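The values are calculated or read from the model by the stated rules, or taken from the named source; none is laboratory data. These numbers come from a predicted model, not from an experiment. No Cβ is skipped: glycine too gets one built from the backbone with ideal geometry, and neighbour counts run over all protein chains shown.
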Amino acid sequence: MENSAVEETRRWVEHFVVGLNLCPFARTPFRNGRIRYVLYEGEDVVELARLMVREAHWLSLQPASEVETTLLIHPNALPDFYDYLDFLEEAELLIRENGLEGIIQVASFHPDYQFAGTEADAPENYTNRSPYPMLHLLREEILEKALEQIEHPEQIPEENIEKMNRLGHDGIEALWRKVRGG
């Protein structure tokens, strides 16, 4: 499972995140190998939370020139999107309780991601859909520097929604085939 889940996630970053420029500051760390992929194959959310805290601490101590961000992939934990959302609240609390607020930020990706007020199959949900449930641990200082380089960062979500709507279901499915290795 490790190779396929991690490799599928790398292809998702390549084809969706970088390929569609959903995150304008992901290209450089992706191309320079500064994204850490960590796989948790268990189902225990308490163990997942512990791992997330360890990874957040680890990331905060590494030179950004070596590792900028971590994708914590957990295919067997929190497969239900609403359970995942509940866990995100706990994850944010753990970041604060462990002295990492302002240092590490948690972003969310899930195969069933659905923004409030959207239909389940709406293309815009794919801006945050990933092959597996995952937590994206970001260094806030890197994020702030990257945002300074973009003229209108507040427009990124709207632009991403437009991209996904233009791509449509057929285009999205074609990209998913690439992600799945097909």
Conditions (1) over 29 Å from N3 (Cβ atoms); (2) touching a helix residue (DSSP H, G or I) at 6+ places or on another chain (Cβ under 8 Å); (3) in contact (Cβ under 8 Å) with a residue 40 or more places away in the chain -> Y132 fails only (1)
Name the one entry in D80, D44, D112 that is under 27 Å from G19 (Cα atoms) and at pLDDT 95 or above. D112
Residues (under 19 Å from Y84 (Cα atoms), under 18 Å from the mean Cα position of the chain (by Cα), in a helix (DSSP H, G or I) and charged (D, E, K, R)) located in segment 31-53: none
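Test A64 against the stated conditions and say whether it is more than 23 Å from M164 (Cα to Cα), at pLDDT below 95 and either in a loop (DSSP other than H, G, I, E, B) or in contact with a Lys or Arg (Cβ under 7 Å, 6 or more places away or on another chain) (or both).
Details: more than 23 Å from M164 (Cα to Cα): yes; at pLDDT below 95: yes; either in a loop (DSSP other than H, G, I, E, B) or in contact with a Lys or Arg (Cβ under 7 Å, 6 or more places away or on another chain) (or both): yes.
When the stated conditions are applied, A64 passes them.
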Could you list, ordered by first residue, the pairs with Cβ atoms under 6 Å in which the first is in segment 43-57 and closer than 20 Å to V67 by Cβ and touching a residue at least 40 places away in the same chain (Cβ under 8 Å) and the second is outside any helix (DSSP H, G or I) and of a type in the set (S, T, Y), at least 6 apart or interchain? E55/T70
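Working only within segment 54-71, note down all residues that are of a type outside the set (S, T, Y) and either surrounded by 18 or more Cβ atoms within 10 Å (Cβ to Cβ) or under 15 Å from E140 (Cα atoms) (or both).
Of segment 54-71, the ones of a type outside the set (S, T, Y) are 54-59, 61-64, 66-68, 71.
Of everything in segment 54-71, those that are of a type outside the set (S, T, Y) and either surrounded by 18 or more Cβ atoms within 10 Å (Cβ to Cβ) or under 15 Å from E140 (Cα atoms) (or both) turn out to be E55, A56, H57, W58, L59, L61, Q62, P63, A64, V67, E68, L71.
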By residue number, the members of segment 123-159 that are at pLDDT 95 or above and over 29 Å from V45 (Cβ atoms) are P123
Exclusive hit being among the hydrophobic types (A, V, I, L, M, F, W, C) and farther than 17 Å from W12 by Cβ, set L143, L137, L175, L167: L143
Looking only at segment 106-127, and only at residues there that are surrounded by fewer than 19 Cβ atoms within 10 Å (Cβ to Cβ) and touching a strand residue (DSSP E or B) at 6+ places or on another chain (Cβ under 9 Å), the one that is farthest from D170 (Cα to Cα): V106
Pull up segment 1-40, narrow it to residues that are in contact with a strand residue (DSSP E or B) (Cβ under 9 Å, 6 or more places away or on another chain) and surrounded by fewer than 13 Cβ atoms within 10 Å (Cβ to Cβ), then point me to the one that is farthest from A64 (Cα to Cα). M1
Take segment 128-150 and flag every residue that is surrounded by 14 or more Cβ atoms within 10 Å (Cβ to Cβ) and of a type in the set (S, T, N, Q). N128, S130
